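Data block below; observations after.
The values are calculated or read from the model by the stated rules, or taken from the named source; none is laboratory data. All figures in this text were calculated on a predicted structure; none of them were measured in a lab. All Cβ positions, even for glycine, are placed from backbone atoms using ideal geometry, and neighbour counts span all protein chains on display. SASA here: full protein model, heavy atoms, side chains in, ligands and nucleic acids out. Shrake-Rupley method; radii C 1.70, N 1.55, O 1.52, S 1.80 Å.
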Amino acid sequence: MTKFETSAIHSGWNGTAAGGAASVPVYRASSYQYDRAAKMADVFAGKSAGYIYTRIANPTTTVLEARLSHLEDGIGCIVTASGMAAIASVAMGLLRAGDQIIASSGIFAGTVSLFAHTLDRFGIKTVFVNADSPEEFAENVTDRTGLIFIETIGNPQMNIPDVERISQVARQANIPLVVDNTAATPALFRPGQFGADVVVHSTTKFINGHGTAIGGAIIDTGNYSWAKGNFADIARRCGKAGALAFLSHLRNQIYRDLGGCASPGDSFAMLQGLETLAMRMDRHCSNAAKLAAYLVERKGIDRVTYPGLSHNQFYRRAERYFGGRGGGVLTFNAGSRDKAFGIIDGLQTAKNLANLGTPQTAVIHPASTLFADFPAAQRRQLGIDEGMIRVSAGLENIDDIINDFELAIKSIM
Ligand SMILES: *Cc1c(COP(=O)(O)O)cnc(C)c1O
């Protein structure tokens, strides 16, 4: 097996199709034709492989699925229209009315809204627990718990949960552990190696890497035994689909019915992003580390939160999980909303936008944007105060990034 950087460029495509095209073509086709009615009937019956309709599968997207599965050490992957579509498909695929989710608090605000509000309307309840307490996960397991959900780096608190211990809790209760690995990407961390059963991604962020497409992915790591799980409809598929029963259940029912498929053009953008993911992550991480070090020393700025800083409470775990890197995102406190707005308005190179993992350094004021709908008490509990700014370190020269922050901070002092 080739190393990560090589697989990110070559896996899933060898150019023997499509006239030898060296990069993956965009198959802009909604549907696929058959010269014999009997052949099409066999594909519909699952007796032979083939494409039918792009809402179910598409040749460009298939290459992306193979590549992402390979890079996450998975057994298979389904690519979706967005990260939210991936998380919604997994939840809808595993749960029914009356079931419960255990999720860490301090996860992506859109996921909180999906769990706490949208799924609640369908009778699915979520209990949010402290990401740093595997005991709290264990204490909240009931006979209706259908999935445990965590993120590898929380957002915007930057907490890194103990994936191994939480996976032991899940294993003991025979519940799948779903890990959102958007912030780390497989270039830094493969949750399956630490016990995760299903990995989800917003490929919109670092995987696309250029802010040019929205996408998501679901990878089955092969760690969970669906044949022995508590999901009768998935277990029933094990006879035909074997270890791929969960993905087959999604592909042939949930994902197909919800309609959250990726556009082939967006799959192409994700494939292009993957080719440079490892190099870009190195630069995102080193720029974030240098910016964090500067902000720690800067008078007037406090609570610089970055797992790559040696005094951060998650430093050791970042070292162990991410090979000594701290990710591409950090937060700091400017002291008040006015000062935070002043810094954001004063930045010239860094852009004020709601995304992560773009080539441009990106800043946002979480309290008035991503978490604006949250009650003030909940924001406080999540550590999101009025002076907080979140930064996604871009790929620019670090001297220019630091200079940009220095001038913006100086302008409000
Ligand atoms: C952005 C994000 C999502 C949602 O993904 P979309 O592609 O925006 O739908 C989910 N989880 C995390 C950690 C994210 O950063």
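Annotations for the structure displayed:
- For THR361, the solvent-accessible surface computed with a 1.4 Å probe is close to 0 Å², ligands and nucleic acids excluded.
- For the set ASP42, ASP220, ASP338, ASP162, solvent exposure ranked by accessible area (probe 1.4 Å, protein chains only) runs largest to smallest as ASP338, ASP42, ASP162, ASP220.
- The stretch between GLU164 and GLN33 holds 42.5 nm of extra length on full extension. This uses 0.36 nm per residue minus the Cα-Cα distance.
- Estimated Rh, the chain: Kirkwood, alpha-carbon pairs, angstrom: 22.1 Å
- In this structure, the amide hydrogen of THR305, modeled 1.01 Å from its nitrogen in the peptide plane, lies closer than 5 angstrom to those of THR331, PHE332, counting only residues at least 5 positions away or on a different chain.
- With θ taken as phi - 60° and the Karplus curve 6.51 cos²θ - 1.76 cosθ + 1.60 applied, the whole-hertz 3J(HN,Hα) list for segment 152-161 is 5, 10, x, 9, x, 7, 6, 7, 10, x Hz, x standing for glycine and proline.
- Candidates per trypsin sites (Lys or Arg not before Pro) in segment 284-386, loop by DSSP, up to 15 other Cβ within 10 Å: LYS299
- DSSP beta bridges in the chain [antiparallel fraction, %, rounded to 5]: 55 percent
- nm² value of the averaged projected area, convex hull over the Cα atoms of segment 286-413: 7.5 nm²
- Projected label points at GLN313 and ARG96, each 7 Å from Cα along the beta carbon direction, are separated by 4.0 nanometres.
- Once the 1.4 Å probe is applied to the protein heavy atoms, segment 216-303 comes out at 44 Å² accessible per residue.
- Restricting the trypsin sites (Lys or Arg not before Pro) of segment 38-117 to loop positions (DSSP other than H, G, I, E, B) with no more than 12 neighbouring Cβ atoms within 10 Å leaves LYS47.
- Taking every C-alpha pair closer than 8 Å and separated by at least 6 residues, the mean separation divided by the residue count of segment 172-292 gives a relative contact order of 23 percent.
- Segment 1-105: C-alpha gyration tensor shape, a/c 1.5 cut-off, then a/b vs b/c: oblate
- Once C-alpha pairs closer than 8 Å and six or more residues apart are averaged by separation and normalised to the residue number of segment 260-339, the relative contact order reads 30 percent.
- Karplus-derived HN-Hα couplings along segment 76-92 (A = 6.51, B = -1.76, C = 1.60, θ = phi - 60°), whole Hz, x at Gly and Pro: x, 8, 10, 9, 10, 5, 6, x, 5, 5, 5, 5, 5, 5, 5, 5, 5
- Counted over segment 164-296 with a bin width of 10 Å, the fraction of Cα pairs per bin, in whole percents, is 12, 32, 33, 18, 5, 1.
- As a length-normalised measure over Cα pairs under 8 Å and 6 or more apart, the relative contact order of the chain settles at 16 percent.
- Under 5 Å, built H, 5+ apart or other chain: amide partners of SER82: GLY216
- Residues in segment 170-177 carry Karplus couplings, in order, of 5, 4, 4, 8, 6, 10, x, 9 Hz; the curve used is 6.51 cos²θ - 1.76 cosθ + 1.60 with θ = phi - 60°, and Gly or Pro positions show x.
- The heavy atoms of HIS210 present about 90 square angstrom of accessible area, all protein chains included, probe 1.4 Å.
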